[in-house]
Amino acid sequence: MAHERADLNAFVTVVEHPAPPSDGPLHGLPFAAKDVIDTAGVLTTRGSRHFAHHVPTDDAACVDLLVRAGAVLVGKTTTHEFANGPIGDSALNGAARNPHDLERVTGGSSAGSAAAVAAGIVPFALGTDTGGSARIPASLCGVVGFKPTFGRLSTRGVFPLAPSFDTVGFLTDDPALLARAWSLVDLAPAGRPATRVGRLTGEGISPVHPAVDGVVRRFLDPLRPVELSLPELGRTWEIYRRMQGAEAGAIHRERLATAPELFQPDVRDRLEAGEAVRGWEYVAALDLQRRLQDDLLAVFDDVDVLALPTTPITAPLLGATDVDLAGRRVPVREALLSLTHPWSVLGWPAASVPAGTVAGLPVGAQFVAAPGRDATLIDFIRRVCTTTPEQPQETHHD
């Protein structure tokens, strides 16, 4: 199965002879797992030359959960090195390619997982999401990507990027299948359905390409959203940059000191910048994170779900370093993370769903719920994806 579409470079390793499935609610369901997630007896490179021959002895908790439920692991998918990048083009085995245009990125860092699902190779894949690593490639490849509430699902056996934000991510082409998988984690019913949608606009939200914004607005129109703004979201980038950078730098400190040449250049540069974050900067960012987590929860007094684009652009060409947004050149990495990282900083559950296309390239709409309302959010996106009209399309991107 995983041999299909070799041109996508979605897989690092294919499991040639999968174990027979156990009985369970996911009996026989094939799935793939991002290559930073441990799989017993299966090569797990973490996208890096540092671990080119690493074979774990145990499954990660998330893999074990699926396998016990009857799902069948068929392969490990391409990841940006150590999951440290939102593009998906900097990995031990090379760039994953977007099924909608092989000259464009998938987004990352759960690059191969999104490509494999979008190409129909597997119906479901595990990724991770620290600042958008499941939602970004879901948006650029036209599938569903889900990040749970921080701490809701064990990350045991998942190589860390930044433990303050790390979550396991899910990618699928079927929201109902996501609901089935999540029921293994959360046995409580979804509770009161989410019906009140707030569309984020104005201050605090990074610029979005007009064509992308238009597609998302039309996708949201049937939900009759109310407009609201959260200016404080503008402070989350500095929190994310400092905390993610410092934590990733600390994790790789010894490797940076002893074998820096084994890192991909872009990842090495970010890790070295993270090492330069001062202690007081990290503590100040942590304090601000906690205050925002408390203060911003009040938004859910008036709405059940927040809505906004997942990414401000469609998939860039491979090798692109910056894009034009609101009249200025913005690094691709910063653009791709701009609308997803706030919910990682806050620790709230968030999901990207296909909203339409611009010039044949997918556009994602992002929905965010209050912490702990994961099942409610999944139920909401399942209903949205089955009841919204035919997805709108734009014929240009200019």
Check: Hey, any hits in region 183-198 for a residue that's among the small types (Gly, Ala, Ser) and under 17 Å from the mean Cα position of the chain (by Cα)?
Finding: no
Notebook entry, point to check: Regarding ARG328, is this residue basic (Lys, Arg) and at pLDDT 95 or above?
Noted result: no
Next item on the list: Taking the options PRO25, PRO56, PRO30, name whichever one is touching a residue at least 24 places away in the same chain (Cβ under 8 Å), in contact with a strand residue (DSSP E or B) (Cβ under 6 Å, 6 or more places away or on another chain) and surrounded by fewer than 22 Cβ atoms within 10 Å (Cβ to Cβ).
Entry: PRO30
Next item on the list: Mind counting the residues in region 323-345 that are over 14 Å from the mean Cα position of the chain (by Cα) and part of a loop (DSSP other than H, G, I, E, B)?
Entry: 2
Notebook entry, point to check: When you look at ALA6, is it crowded, with 16+ Cβ neighbours inside 10 Å and either in contact with a strand residue (DSSP E or B) (Cβ under 7 Å, 6 or more places away or on another chain) or over 30 Å from ARG241 (Cβ atoms) (or both), yes or no?
Noted result: no
Margin query: For region 247-264, give me each residue that is touching a residue at least 24 places away in the same chain (Cβ under 8 Å) and either assigned to a helix (DSSP H, G or I) or among the β-branched types (Val, Ile, Thr) (or both).
Written below: GLU247, ALA248, GLY249, ALA250, ILE251, ARG255, LEU262
Note to self: Go through (1) on the phi < 0 side of the Ramachandran plot; (2) modelled with pLDDT of 95 or more for PRO193 and report which single condition fails.
What the structure shows: (2)
Next item on the list: List the number of the failed condition for ASP101; all other conditions in (1) closer than 28 Å to GLU254 by Cβ; (2) out of contact with any helix residue (DSSP H, G or I) (no Cβ under 7 Å at 6 or more places or on another chain); (3) surrounded by fewer than 21 Cβ atoms within 10 Å (Cβ to Cβ); (4) not basic (Lys, Arg) hold.
Entry: (1)
Margin query: Please verify whether VAL72 is touching a Gly at 6+ places or on another chain (Cβ under 7 Å), over 25 Å from GLY249 (Cβ atoms), crowded, with 20+ Cβ neighbours inside 10 Å and among the β-branched types (Val, Ile, Thr), treating the condition exactly as stated.
Written below: yes
Next item on the list: Please work out if GLY107 is in a loop (DSSP other than H, G, I, E, B), of a type outside the set (A, V, I, L, M, F, W, C) and buried (at least 24 other Cβ atoms within 10 Å of the Cβ).
Entry: yes
Margin query: All but one of (1) in a loop (DSSP other than H, G, I, E, B); (2) out of contact with any Pro (no Cβ under 7 Å at 6 or more places or on another chain); (3) on the phi < 0 side of the Ramachandran plot hold for TRP348; state the number of the condition that does not hold.
Written below: (2)
Checklist line | Of all residues in region 298-317 being surrounded by fewer than 19 Cβ atoms within 10 Å (Cβ to Cβ) and either touching a strand residue (DSSP E or B) at 6+ places or on another chain (Cβ under 8 Å) or hydroxyl-bearing (Ser, Thr, Tyr) (or both), the one that is nearest to LEU102 (Cα to Cα) | finding: LEU317
Check: Could you give every pair whose Cβ atoms fall below 6 Å, whose first residue belongs to region 87-99 and is without any contact (Cβ under 8 Å) to a residue 60 or more places away in the chain, and whose second residue is crowded, with 24+ Cβ neighbours inside 10 Å, counting only separations of at least 6 or pairs across chains?
Finding: GLY88/HIS80; GLY88/ALA96; GLY88/VAL105; GLY88/THR106; GLY88/GLY107; GLY88/GLY108; GLY88/ALA111
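The values are calculated or read from the model by the stated rules, or taken from the named source; none is laboratory data. Keep in mind it's a predicted model, so treat the numbers as computed, not measured. Heads up, the Cβs are rebuilt from the backbone with ideal geometry, glycines too, and the neighbour counts pull from every protein chain shown.
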